[in-house]
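Colleague: Can you keep this structure in mind? I'll have questions shortly.
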Amino acid sequence: MKKITPCLILMVVLLGLGAAGCDKIAKAREVMEKVEDASDKGKKKSRSKPKKEKKRDVDYFSDATEIPKRLEKETKRTRALEILIYPDWARAQLQDPKRKKNADEYTLRNDEVGESVPVKWMGHKPSAEDVTKTSFAYADVDFGKLADIAKAAKDDCDEDDGKITHAILRRPIIGGGEAAWSIYISGERGNCHSQYSLEGKLIRTF
């Protein structure tokens with residue numbers, strides 16, 4: 001079957017018009033030009049590739065100071081049970097200031113804080129007082145010290161080709177006490193886990 005093109009349509013229109021007049025021919029040609037122009041634009045649009053989301057280049061083990069700022073600004077929450085930090089993203093469990101027995105998890109990625117996910121307690125459900133005691137005011141923590149702590153952890157662990165996989169900021173699970181940094185390092189010959197005070201003093205190495 002012969003392909004119908006705008007030019008073929010124009011020829012049929014012209015034959016049908018006969019001696020109807022130049023003005024009608026001109027109008028028919030104008031219509032066909034618009035059809036061809038719309039067709040070209042449609043082809044260009046279909047060939048265009050969707051824009052990729054630009055990934056923000058960050059390294060939280062070099063500078064983590066933006067983490068508490070973004071979390072507090074976007075969530076309006078000031079107390080955390082735990083903040084888990086990877087090189088280019090972070091996840092935090094934050095206490096609900098209105099329902100203090102509850103906590104929600106937020107993910108910070110590409111400079112954006114995602115939707116909250118409810119934290120489901122295992123076993124005995126804590127009271128509002130329990131959650132408050134387990135949490136800490138993360139805005140009072142100097143996240144700028146993490147860079148120096150991360151460097152110290154590599155020396156303290158002394159793992160061959162060891163690389164920091166993640167860091168966790170929280171109160172000790174057993175015995176309570178002040179919030180502390182836990183730095184996790186993985187190497188070719190083994191793994192290492194070191195704990196540091198908020199000021200950067202080594203507590204213990206596992």
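Colleague: Of all the residues that make up the stretch 132-150, how many are among the small types (Gly, Ala, Ser) and loosely packed, with under 12 Cβ neighbours inside 10 Å?
Modeller: First, the residues of the stretch 132-150 that are among the small types (Gly, Ala, Ser): 135, 137, 139, 144, 147, 150.
When the remaining residues are screened for being loosely packed, with under 12 Cβ neighbours inside 10 Å, the result is 137, 144.
Qualifying residue count for the region: 2.
Colleague: Let me ask something else about it. Looking at Ile164 and the list (1) touching a residue at least 40 places away in the same chain (Cβ under 8 Å); (2) under 20 Å from Gln93 (Cβ atoms); (3) surrounded by 17 or more Cβ atoms within 10 Å (Cβ to Cβ), which single condition is not satisfied?
Modeller: The single condition Ile164 does not satisfy is (2).
Colleague: Is at least one residue of the stretch 121-131 surrounded by 15 or more Cβ atoms within 10 Å (Cβ to Cβ) and outside any loop (DSSP other than H, G, I, E, B)?
Modeller: Of the stretch 121-131, the ones surrounded by 15 or more Cβ atoms within 10 Å (Cβ to Cβ) are 126, 131.
The next check asks that each one be outside any loop (DSSP other than H, G, I, E, B); those that pass are 131.
Looking for residues that are surrounded by 15 or more Cβ atoms within 10 Å (Cβ to Cβ) and outside any loop (DSSP other than H, G, I, E, B), one finds at least one in the stretch 121-131, hence yes.
Colleague: For the subset of the stretch 103-143 comprising residues that are of a type in the set (A, V, I, L, M) and in contact with a Ser or Thr (Cβ under 9 Å, 6 or more places away or on another chain), which member is modelled with the lowest pLDDT? Explain how you work it out, then say what you get.
Modeller: Step one: filter the stretch 103-143 for residues of a type in the set (A, V, I, L, M), giving 103, 108, 113, 117, 119, 122, 128, 131, 137, 139, 141.
Subset that is in contact with a Ser or Thr (Cβ under 9 Å, 6 or more places away or on another chain): 103, 113, 117, 137, 139.
Values: Ala103: 97, Val113: 96, Val117: 97, Ala137: 97, Ala139: 91.
For the stretch 103-143, the residue satisfying everything is Ala139.
Colleague: So which residues in the stretch 90-118 are surrounded by 15 or more Cβ atoms within 10 Å (Cβ to Cβ), under 16 Å from the mean Cα position of the chain (by Cα) and without any contact (Cβ under 8 Å) to a residue 40 or more places away in the chain, if there are any at all?
Modeller: Just the residues of the stretch 90-118 that are surrounded by 15 or more Cβ atoms within 10 Å (Cβ to Cβ), to begin with: 90-96, 100-109, 113, 116.
Subset that is under 16 Å from the mean Cα position of the chain (by Cα): 90-93, 105-109, 113, 116.
Listed by number, the residues that qualify are Ala90, Arg91, Gln93, Glu105, Tyr106, Thr107, Arg109.
Colleague: Separate question: How many of the residues in the stretch 76-89 are β-branched (Val, Ile, Thr) and either closer than 20 Å to Thr165 by Cα or buried (at least 18 other Cβ atoms within 10 Å of the Cβ) (or both)? Break it down into steps so the answer makes sense when it comes.
Modeller: The initial filter retains those residues of the stretch 76-89 that are β-branched (Val, Ile, Thr), namely 78, 83, 85.
Now restrict to residues that are either closer than 20 Å to Thr165 by Cα or buried (at least 18 other Cβ atoms within 10 Å of the Cβ) (or both): 83, 85.
Result for the stretch 76-89: 2.
Colleague: If you don't mind, there's one more thing I want to ask. Answer yes if at least one residue in the stretch 191-204 is loosely packed, with under 13 Cβ neighbours inside 10 Å, modelled with pLDDT under 95 and not in a helix (DSSP H, G or I), and no otherwise.
Modeller: So the first thing to find is which residues in the stretch 191-204 are loosely packed, with under 13 Cβ neighbours inside 10 Å, and the list is 199, 201, 204.
This time we only want the ones that are modelled with pLDDT under 95, so: 204.
In the following step, the residues that additionally are not in a helix (DSSP H, G or I) were identified as 204.
So far as the stretch 191-204 goes, yes, one or more of its residues are loosely packed, with under 13 Cβ neighbours inside 10 Å, modelled with pLDDT under 95 and not in a helix (DSSP H, G or I).
Colleague: In this structure, does Gly177 turn out to be touching a residue at least 60 places away in the same chain (Cβ under 8 Å) and either surrounded by fewer than 19 Cβ atoms within 10 Å (Cβ to Cβ) or outside any strand (DSSP E or B) (or both)? Write out each step before concluding.
Modeller: Details: touching a residue at least 60 places away in the same chain (Cβ under 8 Å): no; either surrounded by fewer than 19 Cβ atoms within 10 Å (Cβ to Cβ) or outside any strand (DSSP E or B) (or both): yes.
Spelling it out, it is not the case that Gly177 is touching a residue at least 60 places away in the same chain (Cβ under 8 Å) and either surrounded by fewer than 19 Cβ atoms within 10 Å (Cβ to Cβ) or outside any strand (DSSP E or B) (or both).
The values are calculated or read from the model by the stated rules, or taken from the named source; none is laboratory data. All values reported here derive from a predicted model rather than from experimental measurement. Glycine gets a Cβ as well: all are built from the backbone with ideal geometry, and neighbour counts include every protein chain shown.
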